[in-house]
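Heads up, the thing below is written out as structure tokens.
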Amino acid sequence: QVQLVESGGGLVQAGGSLRLSCAASGRTVSSYTMGWFRQAPGKEREFVAGVIRSGGSTYYVDSVKGRFTISKDNAKNTVFLQMNSLKPEDTAVYYCAAKEGRGYSDSSRAWDYWGQGTQVTVSS
């Protein structure tokens, strides 16, 4: 199985950018569909972005389309989430996740492995 460790969160002003990293160990990121979720206080965990095993297709929740980009570097065994034009409503704990099998799902219950999360806070 894979272990996931996120980094790169922090405090940023609205309109700013952050890049989150998810370092994998144990197995390669090319073995899984990889994704990012986020959870704000009092809210359910929400799918943000995903990339299938081949890297050929990516998926985003509507609220981040055009602002966030998911990518992965198989050589570094790392997945990234580039977040631009950040808004206060993007404030949440961001989690990296890995899913066995084909395709992606926007339900957190379908994902098999999770990191510990990294806090992103966007001030207005």
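The values are calculated or read from the model by the stated rules, or taken from the named source; none is laboratory data. Keep in mind it's a predicted model, so treat the numbers as computed, not measured. Neighbour counts are summed over all protein chains in view; Cβ atoms, including those assigned to glycine, are modelled from backbone coordinates with ideal geometry. All accessible areas refer to the heavy atoms of the entire protein, side chains included, with ligands and DNA or RNA removed. Shrake-Rupley method; radii C 1.70, N 1.55, O 1.52, S 1.80 Å.
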Contacts under 7 angstrom Cβ, first residue in the range 105-124 being over 26 Å from Ser85 (Cβ atoms), partner acidic (Asp, Glu) and not in a loop (DSSP other than H, G, I, E, B), 6 or more apart: Gln116/Glu6
Filter pass, Gln13 being more than 25 Å from Ser124 (Cβ to Cβ) and surrounded by fewer than 22 Cβ atoms within 10 Å (Cβ to Cβ): no
All positions within the range 1-31 that are in a loop (DSSP other than H, G, I, E, B), touching a residue at least 60 places away in the same chain (Cβ under 8 Å) and closer than 16 Å to Arg53 by Cα: Gln1, Val2
Members of the range 18-33 that are open to solvent by 60 Å² or more (accessible area, probe 1.4 Å) and of a type outside the set (D, E, K, R): Gly26, Thr28
Residue satisfying condition, being modelled with pLDDT of 95 or more and either in contact with an Asp or Glu (Cβ under 6 Å, 6 or more places away or on another chain) or open to solvent by 10 Å² or more (accessible area, probe 1.4 Å) (or both), within set Ala40, Ala49: Ala40
The one condition in (1) surrounded by fewer than 19 Cβ atoms within 10 Å (Cβ to Cβ); (2) out of contact with any Asp or Glu (no Cβ under 6 Å at 6 or more places or on another chain) that Glu100 fails to fulfil: (2)
Residues of the range 109-124 satisfying the condition of being open to solvent by 20 Å² or more (accessible area, probe 1.4 Å) and over 18 Å from Asp90 (Cβ atoms): Arg109, Ala110, Asp112, Tyr113, Trp114, Gln116
Close pairs from the range 71-97: first open to solvent by 50 Å² or more (accessible area, probe 1.4 Å), partner basic (Lys, Arg), Cβ under 7 Å, at least 6 apart: Gln82/Arg19; Asn84/Arg67; Ser85/Arg67
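Can you name the residue in the range 56-70 that is open to solvent by less than 40 Å² (accessible area, probe 1.4 Å) and over 17 Å from Glu6 (Cβ atoms) and is also nearest to the chain's Cα centre (by Cα) among such residues? I'd like the intermediate steps shown before the answer.
Restricting attention to the range 56-70, the residues satisfying the condition of being open to solvent by less than 40 Å² (accessible area, probe 1.4 Å) are 61, 64, 67-68, 70.
After this cut, where a residue has to be over 17 Å from Glu6 (Cβ atoms) as well, the list is 61, 67.
Details: Val61: 11, Arg67: 13 Å.
The residue in question is Val61.
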